[in-house]
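What follows is a set of notes on a single structure, which appears directly below.
The values are calculated or read from the model by the stated rules, or taken from the named source; none is laboratory data. As the structure is a prediction and not an experimental result, all values here were calculated from the model. Methodologically, a virtual Cβ is constructed for each residue, glycine included, from the backbone with ideal geometry; neighbour enumeration extends over all protein chains shown. These area figures cover heavy atoms from the full protein model, side chains too; ligands, DNA and RNA do not enter into them. Shrake-Rupley method; radii C 1.70, N 1.55, O 1.52, S 1.80 Å.
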Amino acid sequence: MSNIAEKLYTIRYKVDENSHLIIKDQDVCLHCETKECQFFCPAEVYQWHDEEKMTSVAFENCVECGTCRIGCPHYNIEWVYPKGGYGITYKFG
Amino acid sequence: MATERFDAIIVGGGPAGSAAAYTMAKAGLNVVLIERGEFPGAKNIFGGVLYRKQLEDIIPEFWKEAPLERRVVEQRMWLMGKDSVVTMGHRNEAFKEPANAWTGLRVKFDQWFASKAEQAGSLNIYETVVTDLLREGDRVVGVRTDREEGDLYANVVVVADGVNSLLGKQLGVHHEWQPDQVSLAVKEVIAMPKEKIMDRFNLEGDEGVTTEFIGQLGGMAGLGFMYTNQETISFGVGVMVSDLKRTKIRPYDLIENVKQHPMIRKMLQGGESKEYAAHLIPEGGFHAIPPLSGNGWVICGDAAQLVNFVHREGTNLAMTSGKYAADAIIEAHAKGDFSKDGLAGYDRRVRESFIHKDLKKYQGLHGLLNDIDPKLFDRLPAALNDAAYQMLLIDGLSKAEKQKAAIRGLREAAGGTANLVKLGIKGWRAING
Ligand SMILES: Cc1cc2nc3c(=O)[nH]c(=O)nc-3n(C[C@H](O)[C@H](O)[C@H](O)COP(=O)(O)OP(=O)(O)OC[C@H]3O[C@@H](n4cnc5c(N)ncnc54)[C@H](O)[C@@H]3O)c2cc1C
Ligand code: SF4
Ligand code: SF4
């Protein structure tokens with residue numbers, strides 16, 4: 001099991017319609033020098049798109065760790081838990 | 001949801017919350033435990049070591065019924081070089097009776113522990129997020145949940161919502177953790193036939209082994225673990241969020257890289273990864289501990305940074321803090337005083353216990369780890385490996401020459417003699433001061 005897609009496939013998700021993660025201001029991302037959310041997130045949730053000038057949020061992959069809330073240098077991510085019962089359910093833990 | 005008033009609301013079905021709910025329910029208090037997961041444990045991972053002493057104080061002889069994996073009889077420590085390792089460890093039959101610790105998995109364990117609270121009379125509600133604390137003036141009087149008409153009221157709210165503790169932030173008792181106060185751990189549970197695990201790790205019956213490793217891990221400084229379960233191995237790596245930010249190494253690449261280390265690859269060979277997971281670990285230490293109680297609230301476990309990261313103890317501190325909070329609430333209940341003064345018994349119990357003493361003992365360590373050049377975590381284990389290699393290699397050089405070279409290597413790794421001495425003194429003080 002080497003790539004992230006395969007890894008995330010081992011987790012059971014119940015996906016909500018609405019994202020529990022919100023980029024507060026795409027303009028801040030545009031000027032963010034490191035765009036490091038693309039690196040430190042363990043579930044490859046964030047991706048910067050040069051053409052659209054925006055950070056996309058694949059919230060359905062989120063493992064709810066909290067790293068992005070602490071790691072984004074501009075605190076540009078509004079972070080809450082998914083609704084009760086939604087999100088990840090581990091099998092082993 | 002019920003509009004009745006509770007003696008206490010517990011937020012979070014981890015070890016801290018379940019310990020608090022169990023202790024209060026057993027004493028006859030009317031309590032409700034709220035967990036956001038489909039069931040307790042659904043959202044939780046850990047490395048995998050559960051200690052006997054603190055849980056035994058809450059549920060005597062719990063090991064006769066709790067879902068545990070293996071009895072830890074040996075602990076190994078590996079100092080990693082790039083393609084090498086210096087090993088240390090201790091195995092002892094005395095760790096068996098009574099057992100000192102077991103390996104475990106949270107999905108099973110947390111469900112069991114929460115069910116004990118339920119059997120004792122706690123009302124457990126799952127799939128429900130507490131979104132707000134309800135206040136009247138300067139008192140916390142209840143919680144708001146994401147259920148319809150989901151407000152609940154109580155004399156005390158036990159905040160046991162784990163490392164991210166959004167509620168602790170709402171209370172204003174702590175601010176956002178800094179990237180150098182938390183580690184991100186990525187973990188995989190790797191299935192392997194029981195016989196293979198037992199042969200590979202030299203085990204009999206329900207014996208188990210823990211291995212921690214430190215040093216050059218997939219291109220960055222980190223700590224790793226590899227614990228034997230019945231039919232799986234818990235394997236993971238933890239790195240400071242500030243280091244992740246600095247190195248830009250992706251966590252899932254990191255764990256794959258570490259698996260390629262020759263020592264580790266051979267231990268995991270033939271295994272099949274069954275689950276990937278990631279979770280934060282609070283590592284702020286003593287100075288990051290917030291006030292533990294106030295008017296109508298107490299805060300326990302990871303939410304209060306009660307983790308001894310030097311010894312990977314967290315669940316036991318969480319359980320003990322949950323129990324102490326419960327004991328104090330039971331006292332407050334008898335007096336009818338749920339103010340900060342009325343709940344001060346919780347702070348006092350923690351202060352007088354091993355939690356406070358152990359965390360205090362290592363208080364300098366967080367500063368130390370930040371103070372020294374992070375490259376040292378790579379370089380020192382690397383220099384140790386090099387020294388060991390040179391000393392064991394028979395190549396015609398005299399032992400005296402080899403010794404000199406080894407010491408020179410270590411000194412250089414530390415950045416000169418002065419630094420090596422400083423590091424030694426600081427480290428000693430941090431641990432023994
Ligand atoms: C990789 C790793 C390895 C570790 N290894 C060990 C080890 O070997 N031994 C050890 O003793 N400790 C270990 N620890 C530490 C240990 O896991 C924690 O210290 C312990 O779980 C803390 O317990 P807790 O009850 O405070 O928090 P948690 O176990 O995190 O429980 C908090 C609970 O609250 C729920 N929750 C959170 N917010 C809300 C909300 N708003 N509403 C409703 N529910 C909510 C969560 O879903 C969760 O169930 C490790 C941790 C990690 C991440
Ligand atoms: S790190 Fe923060 S500000 Fe930068 S791109 Fe990512 S979300 Fe935007
Ligand atoms: S919480 Fe963790 S997994 Fe989810 S988006 Fe943030 S960093 Fe990624």
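Comparison of A:Cys72, A:Cys65 shows that the only residue that is at the interface with another protein chain (Cβ under 8 Å from one of its Cβ atoms), hydrophobic (A, V, I, L, M, F, W, C) and within 14 Å of ligand 3 (Cβ to nearest atom) is A:Cys65.
Within the option set A:Ala43, A:Ala58, being within 16 Å of ligand 2 (Cβ to nearest atom) and open to solvent by less than 20 Å² (accessible area, probe 1.4 Å) holds for one residue only, A:Ala43. State whether the residues of the range B:58-71 include one that is among the β-branched types (Val, Ile, Thr), touching a Ser or Thr at 6+ places or on another chain (Cβ under 7 Å) and in a loop (DSSP other than H, G, I, E, B). Taking every residue of the range B:58-71 in turn, at least one turns out to be among the β-branched types (Val, Ile, Thr), touching a Ser or Thr at 6+ places or on another chain (Cβ under 7 Å) and in a loop (DSSP other than H, G, I, E, B). The sole residue among A:Ile23, A:Ile11 that is β-branched (Val, Ile, Thr) and farther than 22 Å from B:Ile249 by Cβ is A:Ile23.
Candidates B:Leu79, B:Leu50: the one that is within 14 Å of another protein chain (Cβ to nearest Cβ) and hydrophobic (A, V, I, L, M, F, W, C) is B:Leu50. Out of all the residues in the range A:44-71, which are in contact with a strand residue (DSSP E or B) (Cβ under 7 Å, 6 or more places away or on another chain) and either part of a loop (DSSP other than H, G, I, E, B) or within 15 Å of ligand 1 (Cβ to nearest atom) (or both)? Hits for the range A:44-71 are A:Val45, A:Cys62, A:Val63, A:Glu64, A:Cys65, A:Gly66, A:Thr67, A:Arg69, A:Ile70.
Inspection of the range B:293-302 identifies no residue that is among the charged types (D, E, K, R), surrounded by 19 or more Cβ atoms within 10 Å (Cβ to Cβ) and touching a helix residue (DSSP H, G or I) at 6+ places or on another chain (Cβ under 6 Å). Only one of the listed residues (B:Glu195, B:Glu231, B:Glu212) is away from every other protein chain (no Cβ under 14 Å), open to solvent by 50 Å² or more (accessible area, probe 1.4 Å) and on the phi < 0 side of the Ramachandran plot. That residue is B:Glu195. When A:Ser2, A:Ser56 are checked against the criterion of being without any contact (Cβ under 8 Å) to a residue 24 or more places away in the chain and at the interface with another protein chain (Cβ under 10 Å from one of its Cβ atoms), A:Ser2 stands alone in meeting it. Filtered by the rule that a residue be within 12 Å of chain A (Cβ to nearest Cβ) and of a type in the set (A, V, I, L, M), the range B:252-302 gives B:Leu254, B:Ile255, B:Leu268, B:Ala277, B:Ala278, B:Leu280, B:Ile281.
Before we move on, is B:Phe338 among the aromatic types (Phe, Trp, Tyr) and open to solvent by 50 Å² or more (accessible area, probe 1.4 Å)?
Spelling it out, it is not the case that B:Phe338 is among the aromatic types (Phe, Trp, Tyr) and open to solvent by 50 Å² or more (accessible area, probe 1.4 Å).
The number of residues in the range B:90-135 being more than 14 Å from chain A (Cβ to nearest Cβ), open to solvent by 50 Å² or more (accessible area, probe 1.4 Å) and within 25 Å of the chain's Cα centre (by Cα) comes to 9.
Annotation: of all residues in the range B:32-79 being polar (S, T, N, Q) and touching a His at 6+ places or on another chain (Cβ under 9 Å), the one that is least open to solvent (accessible area, probe 1.4 Å) is B:Asn44. Considering only residues that are within 17 Å of B:Ala332 (Cβ to Cβ) and part of a loop (DSSP other than H, G, I, E, B), which ones fall in the range B:130-159? Correct list: B:Asp138 only. Looking at A:Gly71, A:Gly85, just one residue is within 21 Å of B:Leu166 (Cβ to Cβ), modelled with pLDDT under 95 and not aromatic (Phe, Trp, Tyr), and that residue is A:Gly85.
Scanning the range B:232-264 for residues that are of a type in the set (A, V, I, L, M) and part of a helix (DSSP H, G or I) yields B:Val241, B:Leu244, B:Leu254, B:Ile255, B:Val258, B:Met263, B:Ile264.
This table checks each residue for (1) in a helix (DSSP H, G or I); (2) within 10 Å of ligand 1 (Cβ to nearest atom); (3) open to solvent by less than 10 Å² (accessible area, probe 1.4 Å).
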| position | (1), (2), (3) |
| --- | --- |
| B:Ser273 | no, no, no |
| B:Tyr276 | no, no, yes |
| B:Gly284 | no, no, yes |
| B:Asn316 | yes, yes, yes |
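Against the test of being in contact with a Pro (Cβ under 8 Å, 6 or more places away or on another chain), of a type in the set (Val, Ile, Thr) and open to solvent by less than 10 Å² (accessible area, probe 1.4 Å), the options B:Val163, B:Val158 yield a single qualifying residue, B:Val163. The one condition from (1) within 14 Å of chain B (Cβ to nearest Cβ); (2) away from ligand 3 (no atom under 14 Å from the Cβ); (3) open to solvent by less than 70 Å² (accessible area, probe 1.4 Å) that A:Val28 does not meet is (1).
Within the range A:83-91, the presence of a residue that is under 11 Å from the mean Cα position of the chain (by Cα) and within 16 Å of ligand 1 (Cβ to nearest atom) is excluded. Among the residues of the range B:167-179, the ones that are open to solvent by 10 Å² or more (accessible area, probe 1.4 Å), touching a residue at least 24 places away in the same chain (Cβ under 8 Å) and at the interface with chain A (Cβ under 10 Å from one of its Cβ atoms) come to 2 in all. Look at the range B:155-166: where a residue is more than 11 Å from B:Gly17 (Cα to Cα) and facing chain A (nearest Cβ under 10 Å) and a partner is open to solvent by 10 Å² or more (accessible area, probe 1.4 Å) and not hydrophobic (A, V, I, L, M, F, W, C), sitting 6+ places away or on another chain with Cβ atoms under 7 Å, you get B:Val163/B:Asp302. Based on what the data block shows, is B:Pro290 near ligand 1 (Cβ under 10 Å from one of its atoms) and closer than 17 Å to B:Lys360 by Cα? The answer is no for B:Pro290. Scanning the range B:127-147 for residues that are closer than 22 Å to A:Trp79 by Cβ and in contact (Cβ under 8 Å) with a residue 60 or more places away in the chain yields B:Glu127, B:Thr128, B:Val129, B:Val130, B:Leu133, B:Val143, B:Thr145, B:Arg147.
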